[in-house]
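Read through the structure below, which is laid out as structure tokens, and then see the notes.
The values are calculated or read from the model by the stated rules, or taken from the named source; none is laboratory data. Quick caveat, the model's predicted, so the values are computed rather than measured. Cβ sites come from the backbone with ideal geometry, for glycine too, and all protein chains shown count toward neighbours. To get the accessible areas, we keep the full protein, side chains included, count just its heavy atoms, and leave off ligands, DNA and RNA. Shrake-Rupley method; radii C 1.70, N 1.55, O 1.52, S 1.80 Å.
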Amino acid sequence: MNGAQSLFKALVDAGIDTCFANPGTSEMQLVYEMGLTDDMRPILCLEENIVTGAADGYGRMAGKPALTLLHVGSGFANGIANLQNAGRANTPMVNVVGANATYHQYRFPEHEMVGGRVIDLARVVSHWTREARSASDLAVIGAAAARYATMGAGKICTVIAPTDCHWDPSAGTPVNEHPISSPRVSPETVQEAADRLQSGRKTVLLLGGPALRDDELEIVGRIAAKTGAQIMAETTPGRFARGAGRIHVPIVKYLLEMSLPQFREVDQVILVGALNPVATFAYQGMPLSKIPEHCVVWTLATTDHDIPAALNDLAVAVGAGVETTERVRRVEPKPPAGELTVEAIGQSMSLLMPDDTILVDEAITASSQLFEETRHARRHDYLLAPSGGAIGNGLPLALGAAVACPDRKVVGLQGDGSGMYTPQALWSIARENCDVTVVVLRNDDYGILNLELARVAQKGPTDKMLSMLKLDRPSIDWVGLSEGIGVQAVSVATAEDFHTQFEQAMGQRGPRLIEARVSQDLQPAIDMIRSKAK
């Protein structure tokens with residue numbers, strides 16, 4: 001058995017059976033051995049940010065890591081943006097990155113970025129990183145990576161694999177051990193949380209990570225019903241159980257101007273798998289925290305803890321019964337008509353999405369309104385694509401989610417600007433015949449940057465400024481682009497046409513793209529930001 005064979009056996013023994021790949025010269029032995037391995041499914045992606053983004057979507061929905069196969073330092077660097085998103089979403093993932101042979105690195109140090117220094121690059125966006133020094137070492141590291149990736153809510157683990165470690169003889173595959181267990185929250189911490197909830201102070205349970213899954217939300221709903229606490233979700237949820245019959249959970253708004261009022265009357269915030277809510281960027285004259293100074297922030301559990309156990313323990317400590325807080329009611333809006341607005345798109349989606357849809361959101365400036373419009377839709381899982389702030393994850397995330405859950409409909413809400421970061425994902429979606437419907441909200445604009453520019457353009461934007469935000473010279477032909485790489489597409493400009501096309505897409509399987517030439521008025525939001533900036 002050579003190193004590549006022992007590595008794949010270690011990963012398969014650990015339950016990893018799907019590989020998103022963009023291999024190069026240094027990974028050919030791995031490609032060869034994977035081709036002889038019945039238990040590992042390879043999925044080719046045309047760019048590395050699609051590889052890492054698809055593995056992110058897979059891990060969020062499958063609850064276990066996918067494998068990525070990347071080509072040396074340059075290939076890994078291409079995938080870093082979506083590794084940033086995956087890390088913030090606490091996605092389990094194992095990366096295998098090829099490198100020059102160990103003896104090649106030592107003799108020719110000018111190639112160190114292609115080989116030996118990849119490990120320094122990987123550490124920036126990985127929770128755990130190791131470089132193999134021998135073929136036998138490669139299997140041991142692979143087994144360790146697979147174990148550590150499933151700790152807590154999920155970890156990104158990166159294995160650097162020099163080529164001689166692929167083909168040299170290996171001592172074999174180590175015996176697979178049980179996954180690393182997540183530490184439990186101490187009884188003292190649980191009791192303090194219970195005391196805080198029963199103190200009479202106005203409290204928010206701020207949820208993130210596994211706390212936003214369906215079963216965990218049921219427990220949170222019981223705790224809130226017993227204690228009177230308010231429930232909220234963090235701004236960047238990796239996976240969020242929503243829709244009819246589920247516990248109603250509002251989200252912390254992205255814009256600081258909108259989020260600050262959400263906590264104005266709150267005395268304390270208890271974090272459960274969420275980070276302290278702060279502004280994504282610093283703004284001149286604006287606070288950094290979305291929490292007012294009078295409000296106490298306290299942590300029950302991080303994503304490294306066993307969150308389900310912590311919530312169960314807390315439910316016992318407060319004496320929670322079977323009653324829960326408000327559940328979402330199913331409301332069916334009328335089919336929209338007239339101008340194709342964000343509201344109209346959301347109404348059609350709320351009416352037509354089937355049960356257990358996976359909704360992938362990279363609609364950017366339309367996200368907040370579409371999130372509200374789909375509140376009363378049938379039950380679904382919501383995945384925020386740019387969870388770590390890097391755009392270009394929507395299409396890859398939809399690909400990975402569809403591979404993980406082939407029996408569920410995936411709907412991708414995609415901004416036209418951010419979609420151009422990774423449009424090649426459509427090719428992989430077509431190749432794998434994924435049941436994905438992509439809705440591109442085309443406004444020929446980097447809309448989010450218009451909002452941000454309003455913070456600094458005190459005299460209003462000039463044509464030169466706006467030229468860096470517009471996507472209309474030339475406009476992007478999403479229908480031509482999509483059909484050119486194998487995904488059936490159509491363009492619509494009215495609410496009626498969108499409703500008809502979306503209904504057809506929901507009634508059939510397979511990949512489809514709808515270019516929605518949406519009418520969106522951002523001026524009220526721009527005016528609000530300018531008024532606050534003054």
- request: Go through segment 130-151 and give me each residue that's open to solvent by 20 Å² or more (accessible area, probe 1.4 Å) and under 30 Å from Val185 (Cα atoms).
  value: Arg130, Ala144, Arg147, Tyr148, Thr150, Met151
- request: State which residue is farthest from Gly53 (Cα to Cα) when the search covers only segment 12-33 and only residues that are touching a strand residue (DSSP E or B) at 6+ places or on another chain (Cβ under 6 Å) and in a helix (DSSP H, G or I).
  value: Ser26
- request: Mind listing whichever residues of segment 66-110 are at pLDDT 95 or above and charged (D, E, K, R)?
  value: Arg88
message: I'd like to know if segment 296-311 contains one or more residues that are open to solvent by less than 50 Å² (accessible area, probe 1.4 Å), small (Gly, Ala, Ser), touching a helix residue (DSSP H, G or I) at 6+ places or on another chain (Cβ under 8 Å) and touching a residue at least 60 places away in the same chain (Cβ under 8 Å).
response: yes
field: Residue, surrounded by the fewest Cβ atoms within 10 Å (Cβ to Cβ), within segment 47-88, restricted to residues that are assigned to a helix (DSSP H, G or I) and charged (D, E, K, R)
entry: Arg88
Residue list for segment 392-428, filter: surrounded by fewer than 24 Cβ atoms within 10 Å (Cβ to Cβ), without any contact (Cβ under 8 Å) to a residue 60 or more places away in the chain and among the aliphatic types (A, V, I, L, M): Met420
field: Residue that is farthest from Asp444 (Cα to Cα) [pool: residues in segment 483-534 that are among the polar types (S, T, N, Q) and in contact with a Lys or Arg (Cβ under 7 Å, 6 or more places away or on another chain)]
entry: Gln488
- request: Check whether at least one residue in segment 312-323 is of a type in the set (Gly, Ala, Ser), touching a residue at least 12 places away in the same chain (Cβ under 8 Å) and farther than 24 Å from Lys202 by Cβ, and report yes or no.
  value: no
- line: Of the conditions (1) touching a helix residue (DSSP H, G or I) at 6+ places or on another chain (Cβ under 8 Å); (2) in contact (Cβ under 8 Å) with a residue 40 or more places away in the chain; (3) under 15 Å from Lys253 (Cβ atoms); (4) open to solvent by 10 Å² or more (accessible area, probe 1.4 Å), the single one that His376 does not satisfy is (3)
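Being open to solvent by 10 Å² or more (accessible area, probe 1.4 Å) and part of a loop (DSSP other than H, G, I, E, B) is true for just one of Pro210, Pro179. Which residue is that?
On the way: Pro210 fails: part of a loop (DSSP other than H, G, I, E, B).
The conditions single out Pro179.
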